[in-house]
Amino acid sequence: MGAKVLERFPAGAPRGSWPAEEYAARCRAEGRNATVIMDLKSDAFLVVVPADED
């Protein structure tokens, strides 16, 4: 099973700021199965959903 990236956020957000988690929470409130993962190669947080959830 794959995943579709909805949004990406740089890992260097200001202290106390969690934009990827906030975005994922909004997606979950809309009924999407959003998860935040860390992409170490690009040093970014990715908000993803299962590929079959389009």
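The values are calculated or read from the model by the stated rules, or taken from the named source; none is laboratory data. Please read these numbers as outputs of a predicted model, since none were measured by experiment. Cβ coordinates were reconstructed from backbone atoms using ideal geometry, including for glycine residues, and neighbour counts include every protein chain displayed. Note: areas computed on protein heavy atoms with side chains; ligands, DNA, RNA excluded. Shrake-Rupley method; radii C 1.70, N 1.55, O 1.52, S 1.80 Å.
For the stretch 19-33, the Karplus equation 6.51 cos²θ - 1.76 cosθ + 1.60, evaluated at θ = phi - 60°, returns couplings of x, 5, 5, 5, 5, 4, 5, 5, 5, 5, 5, 8, x, 8, 8 Hz by residue, with Gly and Pro reported as x.
In Å², what does the accessible area per residue of the chain work out to with a 1.4 Å probe? Before the final figure, lay out each step's value.
Working: 3910 Å² over 54 residues.
Per-residue accessible area for the chain comes out at 72 Å².
A cut-off under 12 angstrom between Cβ atoms defines the neighbours of GLU21, and their net charge, with Lys, Arg +1 and Asp, Glu -1, is 0.
Expressed as a whole percentage, what fraction of the accessible surface of the chain belongs to carbon and sulfur atoms when a 1.4 Å probe is rolled over the protein heavy atoms?
Working: 2070 of 3910 Å².
Summing carbon and sulfur atoms, their accessible area is 53 percent of the total for the chain.
Kirkwood's formula applied to the C-alpha pairs of the chain gives a hydrodynamic radius of 11.4 angstrom.
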